[in-house]
Each structure stands twice: as structure tokens, then as C-alpha cells.
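Novice: Encoded as C-alpha cells, here's the structure I'll be asking about.
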Amino acid sequence: MSKSNERIIKASGKVTSDDNLVSFLYELMRDHLPSGVVEGIAQRVLEEEDDRNFCNGWLAKHAIDIAERLKDGR
């Protein structure tokens with residue numbers, strides 16, 4: 001482990017989780033998207049009251065597949 005990572009763990013506290021969704025979101029925010037973008041999406045999704053209509057069926061099916069695998073641990 002790098003000195004930088006050791007310093008971050010010491011400053012922020014050591015956190016563990018066996019939740020696949022937590023691991024997915026952590027890596028997404030650490031390496032790919034700003035956490036503020038992810039938070040904004042989460043807030044919008046939580047505010048929606050009706051079923052979501054997706055215009056791209058392929059993308060929606062891919063999202064469903066990933067969500068199901070994360071939930072099932074596959």
C-alpha cells in the first residue's frame with residue numbers, strides 16, 4: 001500500500017463493506033465520475049414518483065442486467 005493511501009486511511013478512517021453496490025459506486029466515484037454528479041443523479045432518481053420510461057431499450061436492459069447481478073452477487 002502506498003504512503004498516500006496509508007495517509008488517506010488514517011485521516012478518513014478504515015471503512016469496509018461487503019455490499020456490491022457500495023463497491024460499484026465507490027469505484028465509479030473514485031475513478032470515473034465526480035461524486036457530486038453521482039449524488040445529483042441519486043437525488044433525481046429518488047425524487048421520481050412514477051415508473052421510468054427509457055428511450056433506449058438496449059441501454060435500459062443493460063442497466064437492468066447490471067443491477068440484477070449486483071443485487072444477486074453474480
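Novice: Lys/Arg Cβ at +1, Asp/Glu Cβ at -1, dipole of the chain taken about the Cα centre: which of Ser4, His62, Val15 is farthest positive-ward?
Specialist: Ser4
Novice: So if I place +1 on the C-beta of Lys and Arg and -1 on the C-beta of Asp and Glu, and nothing else carries charge, what would the dipole magnitude of the chain be about its Cα centre? I want it in debye, nearest 20. Before the final figure, lay out each step's value.
Specialist: Working: 11 positive and 14 negative charges, 117 e Å.
The calculation lands at about 560 debye.
Novice: How charged is the neighbourhood of Arg52? Take every other residue with its Cβ under 15 Å from the Cβ of Arg52, and add Lys/Arg as +1 and Asp/Glu as -1. List each step's numbers first, then the result.
Specialist: Working: positive: Arg44, Lys61; negative: Glu47, Glu48, Glu49, Asp50, Asp51.
With Lys, Arg at +1 and Asp, Glu at -1, the net is -3.
Novice: At a Cα cut-off below 17 Å, give the lysines reachable from Lys71, other chains included and same-chain residues fewer than 8 away excluded.
Specialist: Lys61
Novice: For the chain, what is the mean residue ellipticity at 222 nm derived from helices alone (per DSSP H run of n ≥ 4: -39500 (n - 2.57); sum divided by total residues; nearest 500 deg cm²/dmol)? Present the calculation step by step, with values, prior to reporting the outcome.
Specialist: Working: 4 runs with 51 residues, N = 74.
Result for the chain, helices only: -21500 deg cm²/dmol.
Novice: With helices defined as uninterrupted DSSP H runs, which ones in the chain have an alpha carbon span along their own long axis of at least 30 Å and mean Kyte-Doolittle hydropathy of at least 1.6?
Specialist: Numbers: long enough: none.
Helix filter hits for the chain: none.
Novice: Just to confirm the filter: which trypsin sites (Lys or Arg not before Pro) across the stretch 24-71 are DSSP coil and have at most 16 other Cβ within 10 angstrom of their Cβ? Don't skip to the answer; put the middle values down first.
Specialist: Numbers: sites: Arg30, Arg44, Arg52, Lys61, Arg69, Lys71; in loops: Arg52.
Within the stretch 24-71, the qualifying trypsin sites (Lys or Arg not before Pro) (loop, at most 16 other Cβ atoms within 10 Å) are Arg52.
Every read-out reported here was derived from the displayed coordinates using simple, explicitly stated rules and does not represent laboratory data. Computed from a prediction, not measured in an experiment: that's the story for all the values here. When we count neighbours, we look across all protein chains shown, and the Cβ atoms used for this are built from the backbone with ideal geometry, even at glycine.
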